[in-house]
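In what follows, a structure is listed as structure tokens, so that the remarks can point back to it.
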Amino acid sequence: MNRNDNYTNSPLSPVLEISLSGDNPDDIPLFPGEKIDSEINAREVTYICPYEGEIRGHLYLTNYKLYFKSNEEHEKTRLVHVPLGTIKKIDKFGGSQTKGNNAYGIIIHCKDVRTLKFAHSPENHSRRDVFEKLRQYAFPLTYASNKNMFCFEFKVTYPVDGWSIYEPLAEYRRMNLPNESWRITKINDKYKLCDTYPAILVVPHNVTDNDLQAVAAFRSRARLPVLSWIHPESQASIVRCSQPLTGISGQRSTDDEKYIQMIMDANAQSHKIFIMDARPQTNAMANRTRGGGLENEHLYNNAEIQFLGIASIHPMRESLRKLTELCYGNIDDSLFMLELEKSQWLKHIQIILSGAVRIVDKIEYQKTSVVVHCSDGWDRTSQLTSLAMLMLDPYYRTLTGFQVLIEKEWLSFGHKFAQRLGHGEDKSSDDNRSPVFLQWLDCVWQIQRQFPTAFEFNETLLLVIADHMYSCLFGTFLGNSESTRKRDGLPQKTKSIWSMVNTYRDEFLNACYTTAPTPYTISMTASSTKDYVIIPRCAAPFIEIWTSYFCRWNMNISPQSIDQIRLRNKELLAIRAALQKKVEELQNKYSRQSNAVSNAGHSNSSGPSSPSNSQLTNTNPNARIVNI
């Protein structure tokens, strides 16, 4: 079957799940390396759409996606498709003896909010083949060791290598590191100190490698405090780690206490340090029974602990389940806001954003360093540090900087993407799954909405990332740590999502972005940096549901389609480019006229006919105004 040329020639169509359009209904558009399974090719089924009812058509299964193509022209359901990595759970409904129309088939629960229901004919037992094949492709780690995720078979060439977008030493140099207070260490280059941390770390200048090992031994998973970001003026720093292993008996570590003192001393403008514990205080104290715990303020000099009250991964998972049921289905409008409140999703978003704002306040206005941790330091800690850095540093609000931020604070520092997202495993009830990164993207969208000119990238980028963290089209979000991705050779065997993003850069640019006039570096004046710190309002009235993501499949709500947003953004970018060209022309004209006036003045001042002081005094002041 031939690929749809209109489909593959569109810059984002081969990779942007949210804007797929089958312009040629006679073909199923295949990605490079994608192949239709001969056994599940044009299998007759009925799609039970919750909005348009029963739609008859054919089912196609490939090594990347499940496609449904309707027999008739339907405005919104001509072609339904779902990446196999996005499938969370597959259920059967009905039995061979079940009577009634469309009472026998398969239900597919997706990680991207959707639930797809396909009815089969019980006479030919076609459901069995589809069910078994679908499980093998969607959950290869559970059912098919001989099958790979599609990212290993995705045969496309990009002119940009996204795997090299983040270079740790270059990023630390951008922060003017190392300096007299902080040094770069490669003690973890073999991942023996901490297997979930990156190879390159930034630590206090005077700490020894033996000290680092002693501190790591007192922190959960050996995730010792290391620097994430440093303020270019005050030298206040954001340091991340995991909880101390105090246990029920209140164990202490003098090495850890001295180490926190070193972090505080690295900032000469403050003689205090805040330990921002992401957890509710009751949860932190309860962790002592499992060997974890929290710092004792009496043992850490000039340290103050503040609890940010962010719930664990389990309530977050339940919250998303409720929100999913609300956003994909039919519900009375009068009950929507009530059910949204019951889901608690926006409340969780509000608490996370508020915690990040408190960190920004400590860094920017109190000029005090902070140590951020939760339990293991790879979920809520990543949310908080990366959000605070996004608010503090305009570099992370550029298209490139945002990629660096994700690579640094999420991927290199060991957020467990494979476990939290459940790549390739049929374990929908796994307690380790949780929408931690999706929550963070939602928080970024909330800030972006409040500061529409502060971000170089647009909402499309957030939607693409949200889709492809599940899709397994790219290798970026596979694995649980930097060490496992290197061990499995993902940079050599798969494509990075940033390769696609940077190849089609214009698709992700924000036409309303106001470029910062100068870089955010150590040499900037104190007054100028204030203009680059953005602090979102976190009160309940300012937090909204991300309809472009959560409600995009709901035909009753019908948020503005991503295609409409992209088209309008292209129009605005064209207008912006035209205006920028006009500004450059005017600036060049002004420069030429200024030079001409300056040269004329210089010539007159050196010649015999130079005007006298009285002549200059009587000159019309408007005569030297340059008309542009």
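Values as computed for the structure displayed
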item	result
Relative exposure of SER121, SER237, judged by other C-beta atoms within 10 Å (fewest first)	SER121, SER237
Cβ charges +1 (Lys, Arg) and -1 (Asp, Glu), total dipole of the chain, debye	480
Prolate/oblate/rounded call for the chain, Cα gyration tensor, a/c under 1.5 rounded	oblate
Projected label distance in nm at ARG537 and GLN261, using a 7 Å step from Cα toward the beta-carbon	4.5
Full-stretch length increase - ASP430, GLN281 - with 0.36 nm per residue and alpha-carbon distance subtracted	51.1 nm
All lysines inside 27 Å of LYS589 as judged from Cα atoms, apart from same-chain residues fewer than 8 positions distant	LYS581
17 Å Cα-Cα reach of LYS147 towards lysines, excluding residues that sit fewer than 8 places from it in its own chain	LYS35, LYS65, LYS133, LYS155, LYS493
Total lysine pairs whose alpha carbons fall under 25 Å of each other in region 260-412 (8 or more apart, or interchain)	7
Whole-Å distance, taken between Cα centres, linking region 62-124 and region 297-315	46
Cα gyration tensor category, rounded, prolate or oblate, for region 64-123 with a/c compared to 1.5	oblate
Relative contact order of the chain, defined on C-alpha pairs under 8 angstrom at six or more residues apart (%)	14
Neighbour cut-off at most 15 other Cβ (10 Å), DSSP loop, GluC sites (Glu not before Pro), region 296-402	GLU297
Charge dipole magnitude, Cβ of K and R +1, D and E -1 - region 101-254, Cα centre, debye nearest 20	460
Calculated FRET value between ARG576 and GLU544, using beta carbons and R₀ = 25 Å, to 0.05	0.45
Burial ranking of peptide ranges 287-295, 64-72, 366-374 (average Cβ count within 10 Å, highest at the top)	366-374, 64-72, 287-295
The chain - share of DSSP beta bridges that are antiparallel (%, nearest 5)	75
Efficiency of FRET between ALA103 and SER249 - r from beta-carbon atoms, R0 56 angstrom, step 0.05	0.40
Backbone HN-Hα couplings from phi across region 101-118 [Karplus 6.51/-1.76/1.60, Hz, Gly and Pro as x]	5, 6, 9, 9, x, 10, 10, 10, 8, 10, 6, 9, 5, 6, 10, 10, 10, 10
Cα shape, region 400-505, gyration tensor, a/c 1.5 rule	oblate
Theoretical FRET efficiency, 1/(1+(r/R0)^6), r = Cβ-Cβ of ASN556 and GLN366, R0 51 Å, to 0.05	0.60
THR503 paired with GLU44, simple spin-label distance in nm, labels 7 Å along Cα-to-beta-carbon	4.0
Alpha carbon centroid spacing (whole Å) that separates region 410-476 from region 208-245	25
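All of the numbers you see were taken from the coordinates with simple rules; none came from a lab. Please read these numbers as outputs of a predicted model, since none were measured by experiment. Because the Cβ atoms are built from the backbone with ideal geometry, glycine has one as well, and the counts that use them run over all protein chains shown.
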